[in-house]
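Undergrad: If you scroll down you'll find the structure; I have some questions about it.
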Amino acid sequence: MKHAGPTALGSLEPIIAEIRKLAGLKEKKRGTFYRGSVGFLHFHEDPAGFFADLKVGVEFERMPVNNRREIDEFIRQVRRAAAIPSS
């Protein structure tokens, strides 16, 4: 599964815009977010759709982001993970 390219990131822009609003995250390059110096979130594209890798604890969890239900759940998980103090 490859990292999301410019066209895919364009399709994901509404999601990315929501993430940009969260405190404590820095977008080092389009669609790739860090908490401090640690990778936190990035996107992938695949024939099966779009996916996000979100750092939850010490591991990344891959989440689908292809429909409203998936996107809403993903945003909830991002907010929850971003609120946990980083170690």
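Only the coordinates and a few stated rules stand behind these numbers; no lab work does. Bear in mind that the values here come from a model prediction, so they are computed numbers and not experimental data. As a convention, Cβ positions derive from the backbone with ideal geometry for all residues, glycine included, and neighbour counts pool all protein chains shown.
Undergrad: Please go through the range 6-36 and pick out each residue that is surrounded by 11 or more Cβ atoms within 10 Å (Cβ to Cβ), in a helix (DSSP H, G or I), in contact with a helix residue (DSSP H, G or I) (Cβ under 9 Å, 6 or more places away or on another chain) and not aliphatic (A, V, I, L, M).
TA: 18
Undergrad: Looking only at the range 38-65, count every residue that is more than 13 Å from the chain's Cα centre (by Cα), surrounded by 11 or more Cβ atoms within 10 Å (Cβ to Cβ) and part of a loop (DSSP other than H, G, I, E, B) and tell me the total.
TA: Total meeting the criteria: 0.
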